[in-house]
Amino acid sequence: MRKILINDQVFDFKRKFESKARFLIDESVGMEAARLIRDRGWNVRYVEDVGLLGRSGEEVLAFAWKEQRILLTHDFDFIDDSRFPFHRNPGLVVLPGATGSRLGLADAINGVLALIGPYFKAYRGYKIRITEDGVWTIRSFNTEEGSHQEIRVKFGKIK
């Protein structure tokens with residue numbers, strides 16, 4: 001009986017949220033990440049390709065919102081809720097590597113493609129930060145309760 005309920009919940013989740021994500025890569029992450037993701041068959045744009053190189057974070061996120069693309073960045077500024085509100089956020093992932101170390105970046109990108117990529121609708125409006133050691137901090141805003149929600153999850157290598 002329990003197995004049937006879990007299967008039903010998975011089916012309902014997939015039916016409701018399954019939608020292949022499209023990505024926007026900002027200049028802090030770089031063109032190589034965009035190429036890597038594109039080579040894996042994903043729809044991805046790099047900020048330079050769309051005339052946003054050197055533009056403000058507000059302009060970059062506005063483009064991502066307009067195009068409904070999840071923004072992949074190293075820039076912690078995007079976490080600022082007053083500057084970048086949840087209701088104008090198509091989905092945001094702050095990847096590890098902002099300090100110059102690329103430790104954990106490949107694993108984080110693999111995780112994003114595996115867990116977020118197939119279910120874009122489930123992550124719309126979320127702000128996710130991934131650390132070098134695989135901890136995901138997932139933040140959202142519950143409009144019904146008028147409050148922020150945050151969970152932390154540690155993932156191993158995701159292939």
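Table for the structure above
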read-out	value
Of the criteria (1) among the basic types (Lys, Arg); (2) at pLDDT 85 or above; (3) surrounded by fewer than 12 Cβ atoms within 10 Å (Cβ to Cβ), which one LYS157 fails	(2)
Count - residues of the range 103-159 that are more than 17 Å from PHE23 (Cα to Cα) and of a type in the set (Phe, Trp, Tyr)	3
For LYS20: the one exception among (1) charged (D, E, K, R); (2) modelled with pLDDT of 95 or more; (3) touching a helix residue (DSSP H, G or I) at 6+ places or on another chain (Cβ under 8 Å)	(2)
Members of the range 42-63 that are within 17 Å of the chain's Cα centre (by Cα), under 10 Å from ASP26 (Cα atoms), part of a helix (DSSP H, G or I) and not β-branched (Val, Ile, Thr)	GLY57, LEU61
Per-region count, the range 64-80, residues aromatic (Phe, Trp, Tyr) and either over 21 Å from ASP107 (Cβ atoms) or not in a helix (DSSP H, G or I) (or both)	1
Any hit, the range 109-132, residues being touching a His at 6+ places or on another chain (Cβ under 9 Å), at positive phi and modelled with pLDDT under 95	yes
Residue match in the range 136-154 (condition: closer than 27 Å to VAL50 by Cα and of a type in the set (D, E, K, R))	no
Test: residue in the range 103-122 that is part of a strand (DSSP E or B) and in contact (Cβ under 8 Å) with a residue 24 or more places away in the chain	yes
Residue, surrounded by the fewest Cβ atoms within 10 Å (Cβ to Cβ), within the range 102-127, restricted to residues that are among the β-branched types (Val, Ile, Thr) and touching a helix residue (DSSP H, G or I) at 6+ places or on another chain (Cβ under 8 Å)	ILE116
Filter result for the condition that a residue is modelled with pLDDT of 95 or more, outside any helix (DSSP H, G or I) and exposed (fewer than 12 other Cβ atoms within 10 Å of the Cβ), over ARG152, ARG139	ARG152
Sole exception among (1) in contact with a helix residue (DSSP H, G or I) (Cβ under 8 Å, 6 or more places away or on another chain); (2) in a helix (DSSP H, G or I) for HIS87, by number	(1)
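The values are calculated or read from the model by the stated rules, or taken from the named source; none is laboratory data. Quick caveat: nothing in here was measured; it's all calculated off a predicted structure. FYI the Cβ positions are ideal-geometry reconstructions off the backbone, even for glycines, and counts take in every protein chain you see.
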